[in-house]
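Throughout, read-outs are computed from the coordinates displayed, never taken from laboratory work. This structure is a prediction, so every number in the text was calculated from the model and none was measured. FYI the Cβ positions are ideal-geometry reconstructions off the backbone, even for glycines, and counts take in every protein chain you see.
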Amino acid sequence: MDHSFIQRVTKVTTPNFQAADFTSTKYKGEIQHIINTHFFPKFDINDTVNGVDISKLNRCIDTLRSEGLAYFTPMFKSYNLKGIGPGEVMLYFLIDNAYLGGGSSNVDMFVGSEGYEIKAVDVSSDGYAYNFKTGGTVPTSNIIEKFYALGQKFKMTISRTEISKGTLETLRSKDQASFDRIVDQYVDVAYNDYFKLHKFIFIRNTGSKMGRVESVKEVKKSDVKLERITAGVIKPRVKL
């Protein structure tokens with residue numbers, strides 16, 4: 001079939017998917033066909049992969065991007081389907097034995113029987129993923145309160161909801177021992193209640209490498225750092 005011709009004459013701009021369509025492989029072939037035919041006709045559907053292989057996935061992702069960001073970006077953003085994060089539909093399309101966890105699951109995606117959390121992130125020059133959130137079950141309000149109290153101790157102008165990296169560095173410089181104890185408490189909670197429970201797939205969220213898989217790993221406790229506090233949420237940094 002000439003997929004370019006089919007794309008031109010049917011001209012679908014937004015697929016009418018539902019989030020539940022991706023929580024099994026029941027319609028895997030149909031979904032792959034629809035996305036391939038209407039948005040990425042030059043992509044050879046036989047190049048999809050079985051399992052999580054970074055090199056093969058990134059070759060596929062580069063090919064998809066080359067067909068145009070007008071089509072790639074909506075797919076990367078999972079067509080704005082409720083409850084499905086960036087990169088999840090893209091990986092569903094590319095990994096033949098993958099399906100999404102759905103709202104009742106504690107992981108974003110299964111590949112066979114293996115569960116993965118998928119995080120769309122920025123990547124620092126020193127190789128850390130940042131600018132993402134942990135799951136909502138990680139209790140951090142008391143940790144934020146301790147940072148706030150430390151700032152109050154030194155009569156700093158400080159918020160309970162927004163504490164920048166610069167403000168955190170100032171707190172560190174004023175009382176490193178107290179600061180480090182609070183950070184250590186955060187690392188313990190973030191690791192034990194979240195990072196150690198799953199494998200993680202880290203994907204570039206922005207820029208010229210948007211969509212590329214940066215790392216697939218079991219996060220170690222030593223990989224976890226604290227980045228900043230925004231909107232009342234602590235954002236971590238994780239070594240890739």
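Side notes on the structure shown:
- Footprinting exposure proxy for M109, M156 (fewest neighbouring C-beta atoms within 10 Å first): M156, M109
- Applying 1/(1 + (r/R0)^6) with r as the Cβ-Cβ distance of S55 and E218 and R0 = 22 angstrom yields a FRET efficiency of 0.70.
- For the residues T206, T161, T137, a GNM of the chain with alpha-carbon springs under 10 Å puts the largest fluctuation on T137.
- The shape of the range 1-112 comes out prolate: with a ≥ b ≥ c from the C-alpha gyration tensor, a/c is at least 1.5 and a/b beats b/c.
- Calculated [θ] (222 nm, deg cm²/dmol) that DSSP helices of n ≥ 4 give over the chain, each run adding -39,500 (n - 2.57): -11500 deg cm²/dmol
- Cα shape, the range 87-176, gyration tensor, a/c 1.5 rule: prolate
- C-alpha long axis of helix 28-39 to longest principal axis of the chain, angle in °: 80
- With Cα atoms, 0 to 90° folded angle of helix 141-153 axis to the chain main axis: 40
- Dipole magnitude (debye, nearest 20) for the chain, charges at Cβ of Lys, Arg, Asp, Glu: 720
- For the chain, averaging the sequence separation of C-alpha pairs within contact (under 8 Å, six or more residues apart) and dividing by the residue count gives a relative contact order of 19 percent.
- Were the residues from T73 through K199 laid out at 0.36 nm apart, the gain over their Cα-Cα distance would be 42.9 nm.
- Each of G232, Y191, L64 was placed along the dipole of the chain (beta-carbon charges, centred on the mean Cα), and the one lying farthest toward the positive end is G232.
- Gain on full stretching of the segment that runs from S159 to Q176 - 0.36 nm per residue minus C-alpha separation: 4.2 nm
- To the nearest ten degrees, helix 54-66 and the longest principal axis of the Cα atoms of the chain are 70 degrees apart.
- In this Cβ point-charge picture (+1 for Lys and Arg, -1 for Asp and Glu), the range 1-112 has a dipole of about 260 debye about its Cα centre.
- Dipole moment magnitude, nearest 20 debye, the range 116-240 about Cα centre, only Lys, Arg, Asp, Glu C-beta charged: 140
- Dipole of the range 133-240 [Lys/Arg +1, Asp/Glu -1 at C-beta], most positive-end residue of S159, A149, S215: S215
- Subset of K196/K217; K56/K196; K133/K217 violating a 19 Å alpha-carbon distance limit: K56/K196
- Note on A20 and K209: their simple-model spin labels are 3.9 nm apart, each label 7 Å out from Cα toward Cβ.
- Taking trypsin sites (Lys or Arg not before Pro) across the range 73-180, the ones in a DSSP loop with at most 12 further Cβ atoms lying within 10 angstrom of their Cβ are K82, K155.
- Positive-pole candidate from I84, I95, S55, dipole of the chain, charges at beta carbon: I84
- Its relative contact order, with pairs defined as Cα atoms under 8 Å and 6+ residues apart, puts the range 1-112 at 29 percent.
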